[in-house]
Amino acid sequence: MHSPTLIFSSTLLIIFILLTYPLIVSLNPSPLNKKWATTHVKTAVQTAFYASLLPLAVFFDQGMEVITTNWHWMNIATFDINISFKFDQYSIIFTPVALYVTWSILEFASWYMHSDPNMNRFFKYLLLFLIAMITLVTANNMFQLFIGWEGVGIMSFLLIGWWYGRADANTAALQAVIYNRVGDIGLILSMAWFAMNMNTWEIQQMFASSQDNQATLPLMGLILAATGKSAQFGLHPWLPSAMEGPTPVSALLHSSTMVVAGIFLLIRLHPLMEHNQVALTTCLCLGATTTLFTAACALTQNDIKKIVAFSTSSQLGLMMVTIGLNQPQLAFLHICTHAFFKAMLFLCSGSIIHSLNDEQDIRKMGGLHTMLPLTSTCLTIGSLALTGMPFLSGFFSKDAIIEALNTSHLNAWALTLTLIATSFTAVYSFRVIFFASMGSPRFLPLSPLNENNPTVINPIKRLAWGSILAGLFITSNFLPAKTPIMTMPMTLKLSALLVTALGLLMALELTSLTNKQLKITPTIPLHNFSNMLGYFPSIIHRLAPKIKLSLGQAMATHLIDQTWLEKVGPKGITTSQIPLIKATNSIQQGLIKTYLTIFFLTTTLSILLITLI
Amino acid sequence: MKPGVYSALALALALACHYRRSVVPEIFEKSLRAFLIGYPKRCPPVSHSSIARAEGESVGESLEKMASGFLTHQQKVLRLYKKALRHLESWCIFRDKYRFYACMLRARFDENKDEKDMVKATMMLKSGEEEFWANQHPQPYIFPDSPGGTSYERYECFKVPDWCLDYWHPTEKAMYPDYFAKREQWKKLRDQSWDREVKQLQVETPVDGLKTEALPPARKEGDLPPLWWQYVTRPRERPM
């Protein structure tokens, strides 16, 4: 057999074996070594990353993509479900990225969760999550994808509620599961539609049979699934609440890997949506709303993790916009570059939080550039990459997206919203850096600040290298399927930079105003709208349960009684009989002589009739 | 509830606790005890001078007065002042600016501190509360370990009640022989002093219901404070 093919498929299956080996070892009844997490799990992920570089190199060199069908699982005459893996450009590039980021996060987590007695279990959960994510990414059929989808959802629940003694953590975990479930309705709807109409769950067959029918229903289902999983507007509140989990969880799940699963689904199934204008417009408008709304919410938050969470949500909205522009590859590029700098931002926040004894409020941080120089430097690098600083990794994806946005034929409203959101990105990124690392300290003097531990520094440094180089590396090796538009007016070309610079200038101006504090409170309605997340959770989390509960109560108590006793039963009979009775009432008015006469006449007539017939 | 019924229930609970094998989780036990006897948790013995007071409250504010259920005007004003300062701190992030506005706020409070007309004072307090409500910060700064903070109750899942130690396997107990030997002695002490503790609580409970949640100290020579076991064996704040 052709040796590159062999190398390819066997390396990828080795990755799976490497990742599942620690899990199998942990099934042993004897208790695990205290260092098991570091020696087994982190090493497994590290080795799997190195192994995944081989297929990446083969792909970049020869452009080879592989589909391996391993096992005929549930096959009947008319329907096939196999275990089959699709290693195309998306999964080949995403797997090393995910493994690199996870490796760094696991190393960081061995410091962050050091005092936790259940650290081994924590690492096991993270590993299980990673396996589910890779299953999702490499799935060649909807069933396998669904297994991965649900797997990441469950692990998200378990990891957000890691400190289950805390009521808020349990609420947040439930919130994540419920919002994801609403999205899953869409996914299951699409799967059912595909099974019924295309008679398959295999991706290749779905693409082949979608040439002629352009049904919108399954696409809407997929968009609903992406809305739930990737926290688009309407199903977004779970993402900021998910910051209740430990920082490594936020870094891995809720910034780099799990939340991009929805966008990844849309990218994978993009050929189905290419020609359906309704679906594309929905993606565009939904993405634009999300990106602006969440960027606006991030402007006034005070918890450092929540700011980064809203930033993630905003970038996810941007990815959705890109899908709406019919540019799945750009969306995928943004997923990869975003993973690096967002994970780094979370790790820097985690380093700051742990050093300040669990202080997460930026109002009580400050002056960290002298005490935690590497962390604050990497925070700055990450923020610059996020805002699209030229030639850092975010620039390659973000700038390309904004250029594509500017040169496409689409509604100006989506364009405006996205540009405003881009400027907001600069504002809140600068706000984090200003409050966390600039100025003088506002935290307690005896905080155990130090950066001496290599377990903290090496992951952050590695991710910093990734944030700087990944964009360049991936773009230079990635062949674009759609020709990017190269010629456009200078203003459009520079628009991303211009709005970001504008945002930065605004932020500088506002911080100088904050420094002077000319009045105590800002404009209260605007500030509160942004701070309370647009009042969306406050309203929906009360209104929806109230409606459902009152509906349930009405059904349980009123409906049965009202239907069977009133409408259909005795009272119903009464209401239908009364008009008749009223009509005939006027005859029965006590005219006895008339009644007797009529009676005798009727009797005579009937006797006559009977005798005659 | 009549005092006789109260004490009968207390006695029943005391007997149950004495012979318990404690399958009741500690949280439920605490609330059950609180409900029946009215002593939810052990507060360390306090003297008048160290009673928790709002900023600037007079020493004359004794435990009995606070526990009547109604706040005095002074308490209300001081609570408003503290709330206002904390929210001001949430708005004014930089310390020097905060100090300036805090001094302005203090001046506004001090202007009217000698008001003798209670009606006017209450109206001022009401308008103050309304002003506070309008200008409060939607996300006030909450210390991480305070209720509502980011690491509040975070380690609750690791807090194991002490009766679990009784369920350890003998081989596990053999790893810490001196601890468990001492624990047996403490348990004997607990059994001996339990009746006296319950008796003291019954004697000291006022006939028309409790006024405060704080537990009294030991009164007699050689007695232990009531419900000391619960305090002594409470889990650590940050369990390892």
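Considering only residues that are assigned to a loop (DSSP other than H, G, I, E, B) and either among the hydroxyl-bearing types (Ser, Thr, Tyr) or in contact (Cβ under 8 Å) with a residue 12 or more places away in the chain (or both), which ones fall in the stretch A:77-103? Step through it out loud before you land on a result.
Just the residues of the stretch A:77-103 that are assigned to a loop (DSSP other than H, G, I, E, B), to begin with: A:77-79, A:88.
The answer is A:Thr78, A:Phe79, A:Asp88.
Can you tell me which residue among A:Thr483, A:Thr523 is out of contact with any Cys (no Cβ under 9 Å at 6 or more places or on another chain) and away from every other protein chain (no Cβ under 14 Å)? Show your work before the answer.
Details: A:Thr523 fails: away from every other protein chain (no Cβ under 14 Å).
The conditions single out A:Thr483.
Closer than 30 Å to A:Ile304 by Cα, surrounded by 10 or more Cβ atoms within 10 Å (Cβ to Cβ), outside the structural domain of A:Cys297 (by the TED database) and more than 28 Å from the chain's Cα centre (by Cα): is that true of A:Ile524 in this structure?
Criteria met by A:Ile524.
With the condition being more than 30 Å from A:Gly245 (Cβ to Cβ) and at pLDDT below 95, I'd like the helices (runs of 4 or more DSSP H) fully within the stretch A:360-407 carrying at least 3 qualifying residues. I'd like the intermediate steps shown before the answer.
On the way: elements: A:368-371, A:373-387, A:393-406.
Result: A:393-406.
Looking at the stretch A:173-192, can you tell me whether even one residue there is within 14 Å of chain B (Cβ to nearest Cβ), surrounded by 22 or more Cβ atoms within 10 Å (Cβ to Cβ) and modelled with pLDDT of 95 or more?
yes
Would you say B:Tyr101 is assigned to a helix (DSSP H, G or I), surrounded by 14 or more Cβ atoms within 10 Å (Cβ to Cβ) and facing chain A (nearest Cβ under 7 Å)?
Working: assigned to a helix (DSSP H, G or I): yes; surrounded by 14 or more Cβ atoms within 10 Å (Cβ to Cβ): yes; facing chain A (nearest Cβ under 7 Å): yes.
Yes.
Tell me the residue from A:Gly153, A:Gly161, A:Gly186 that is under 19 Å from the mean Cα position of the chain (by Cα), in the same structural domain as A:Leu219 (by the TED database), farther than 28 Å from A:Leu127 by Cβ and not polar (S, T, N, Q), please.
Values: A:Gly153 fails: farther than 28 Å from A:Leu127 by Cβ; A:Gly161 fails: farther than 28 Å from A:Leu127 by Cβ.
One residue alone meets the criteria, A:Gly186.
Pick out, from the stretch B:111-220, the helices (runs of 4 or more DSSP H) lying fully within it that include 3 or more residues that are of a type outside the set (Asp, Glu) and in contact (Cβ under 8 Å) with a residue 60 or more places away in the chain. Give the derivation first.
Details: elements: B:118-135, B:170-173, B:177-204.
Of the helices (runs of 4 or more DSSP H) lying wholly inside the stretch B:111-220, those with at least 3 residues that are of a type outside the set (Asp, Glu) and in contact (Cβ under 8 Å) with a residue 60 or more places away in the chain span B:177-204.
Which residues, taken from the stretch A:385-437, are buried (at least 23 other Cβ atoms within 10 Å of the Cβ) and within 14 Å of chain B (Cβ to nearest Cβ)?
Passing the criteria: A:Val432, A:Phe435, A:Ala436.
Restricting attention to the stretch B:167-184, report how many residues are loosely packed, with under 13 Cβ neighbours inside 10 Å, touching a helix residue (DSSP H, G or I) at 6+ places or on another chain (Cβ under 9 Å) and closer than 21 Å to B:Tyr231 by Cβ. Walk me through it before giving the result.
Quick first cut of the stretch B:167-184, residues loosely packed, with under 13 Cβ neighbours inside 10 Å only: B:167, B:169-172, B:174-175, B:177-179, B:181-182, B:184.
Narrowing the set further to residues that are touching a helix residue (DSSP H, G or I) at 6+ places or on another chain (Cβ under 9 Å) leaves B:174, B:179.
Filter once more, so that each one left must be closer than 21 Å to B:Tyr231 by Cβ: B:179.
Of the residues in that region, 1 qualify.
Looking only at residues in the stretch A:465-524 that are touching a Ser or Thr at 6+ places or on another chain (Cβ under 7 Å) and among the hydroxyl-bearing types (Ser, Thr, Tyr), which one is farthest from A:Gln62 (Cα to Cα)?
A:Thr500
Filter the stretch B:66-86 down to the residues that are within 14 Å of another protein chain (Cβ to nearest Cβ) and either modelled with pLDDT under 95 or buried (at least 19 other Cβ atoms within 10 Å of the Cβ) (or both) and list them by number. Reasoning before the result, please.
So the first thing to find is which residues in the stretch B:66-86 are within 14 Å of another protein chain (Cβ to nearest Cβ), and the list is B:84-86.
The answer is B:Ala84, and nothing else.
Hey, among A:Leu127, A:Leu106, A:Leu145, A:Leu136, which residue is in contact with a Gly (Cβ under 8 Å, 6 or more places away or on another chain), assigned to a helix (DSSP H, G or I) and buried (at least 24 other Cβ atoms within 10 Å of the Cβ)?
On the way: A:Leu127 fails: in contact with a Gly (Cβ under 8 Å, 6 or more places away or on another chain); A:Leu106 fails: in contact with a Gly (Cβ under 8 Å, 6 or more places away or on another chain); A:Leu145 fails: in contact with a Gly (Cβ under 8 Å, 6 or more places away or on another chain).
From the options A:Leu127, A:Leu106, A:Leu145, A:Leu136, the qualifying one is A:Leu136.
Out of all the residues in the stretch A:530-562, which are surrounded by 13 or more Cβ atoms within 10 Å (Cβ to Cβ), free of Cβ contacts under 8 Å to residues at least 12 places away in the same chain and either at the interface with chain B (Cβ under 10 Å from one of its Cβ atoms) or among the basic types (Lys, Arg) (or both)?
Hit for the stretch A:530-562 is A:Met532, nothing else.
Pairs under 9 Å by beta carbon, first residue within 14 Å of chain B (Cβ to nearest Cβ) and surrounded by 11 or more Cβ atoms within 10 Å (Cβ to Cβ) in the stretch A:439-451, partner of a type in the set (S, T, N, Q) and assigned to a loop (DSSP other than H, G, I, E, B), six or more apart or different chains?
Filtered contacts from the stretch A:439-451: A:Pro441/A:Ser447; A:Phe443/A:Asn357; A:Ser447/A:Asn357.
For B:Glu153, are the conditions met, namely being within 14 Å of another protein chain (Cβ to nearest Cβ), at positive phi, acidic (Asp, Glu) and surrounded by 12 or more Cβ atoms within 10 Å (Cβ to Cβ)?
Values: within 14 Å of another protein chain (Cβ to nearest Cβ): yes; at positive phi: yes; acidic (Asp, Glu): yes; surrounded by 12 or more Cβ atoms within 10 Å (Cβ to Cβ): yes.
Judged against the criteria, B:Glu153 is a match.
When you scan the stretch A:488-520, how many residues do you find that are touching a residue at least 24 places away in the same chain (Cβ under 8 Å) and within 13 Å of another protein chain (Cβ to nearest Cβ)?
Within the stretch A:488-520, the subset touching a residue at least 24 places away in the same chain (Cβ under 8 Å) is A:488, A:492-493, A:495-497, A:499-504, A:506-508, A:510-511.
Filter again for within 13 Å of another protein chain (Cβ to nearest Cβ), leaving A:510-511.
Total satisfying the criteria: 2.
What's the number of the only condition in (1) under 24 Å from A:Asn531 (Cα atoms); (2) polar (S, T, N, Q); (3) not in a loop (DSSP other than H, G, I, E, B) that B:Gln74 fails to meet?
(1)
Does any residue in the stretch A:292-313 that is more than 13 Å from chain B (Cβ to nearest Cβ) come within less than 7 Å, Cβ to Cβ, of a residue that is outside any helix (DSSP H, G or I) six or more places away or on a different chain, and which pairs are these?
That search, which allows pairs on different chains as well, returns A:Phe293/A:Phe233; A:Thr294/A:His236; A:Phe310/A:Gln301; A:Ser313/A:Ala231; A:Ser313/A:His236.
Scan the stretch A:178-200 and give yes if some residue there is of a type in the set (Phe, Trp, Tyr) and touching a residue at least 60 places away in the same chain (Cβ under 8 Å), otherwise no.
First, the residues of the stretch A:178-200 that are of a type in the set (Phe, Trp, Tyr): A:179, A:193-194.
Subsequent filtering for residues that are touching a residue at least 60 places away in the same chain (Cβ under 8 Å) retains none.
There is no residue in the stretch A:178-200 that is of a type in the set (Phe, Trp, Tyr) and touching a residue at least 60 places away in the same chain (Cβ under 8 Å).
Mind counting the residues in the stretch B:110-135 that are in contact with a Lys or Arg (Cβ under 8 Å, 6 or more places away or on another chain) and within 12 Å of another protein chain (Cβ to nearest Cβ)?
Taking the stretch B:110-135 and keeping what is in contact with a Lys or Arg (Cβ under 8 Å, 6 or more places away or on another chain), we get B:125, B:132.
From the residues that got through so far, the ones that are within 12 Å of another protein chain (Cβ to nearest Cβ) too are B:132.
So the count comes out to 1.
Only one of (1) within 16 Å of A:Gln89 (Cα to Cα); (2) in contact (Cβ under 8 Å) with a residue 24 or more places away in the chain fails for A:Val45. Which number is that?
(1)
Kindly indicate which of A:Ser355, A:Ser351 is within 25 Å of A:Ser104 (Cβ to Cβ), within 14 Å of another protein chain (Cβ to nearest Cβ) and in contact (Cβ under 8 Å) with a residue 12 or more places away in the chain.
Values: A:Ser351 fails: within 14 Å of another protein chain (Cβ to nearest Cβ).
The conditions single out A:Ser355.
Just to check your reading of the model, which residue among A:Lys124, A:Lys42 is over 29 Å from A:Ala192 (Cβ atoms), in contact with an Asp or Glu (Cβ under 9 Å, 6 or more places away or on another chain) and more than 14 Å from chain B (Cβ to nearest Cβ)?
Details: A:Lys124 fails: in contact with an Asp or Glu (Cβ under 9 Å, 6 or more places away or on another chain).
From the options A:Lys124, A:Lys42, the qualifying one is A:Lys42.
Any residue at all in the stretch A:145-153 that's out of contact with any Cys (no Cβ under 6 Å at 6 or more places or on another chain) and farther than 22 Å from A:Arg181 by Cβ?
Of the stretch A:145-153, the ones out of contact with any Cys (no Cβ under 6 Å at 6 or more places or on another chain) are A:145-153.
Checking the rest, the ones that are also farther than 22 Å from A:Arg181 by Cβ come to none.
No, every residue in the stretch A:145-153 fails to be out of contact with any Cys (no Cβ under 6 Å at 6 or more places or on another chain) and farther than 22 Å from A:Arg181 by Cβ.
Of all residues in the stretch A:440-470, which are over 20 Å from A:Pro248 (Cα atoms) and in a helix (DSSP H, G or I)?
Residues satisfying the conditions are A:Ile468, A:Leu469, A:Ala470.
The values are calculated or read from the model by the stated rules, or taken from the named source; none is laboratory data. All of these numbers come straight from a predicted model, not from anything done at the bench. Heads up, the Cβs are rebuilt from the backbone with ideal geometry, glycines too, and the neighbour counts pull from every protein chain shown.
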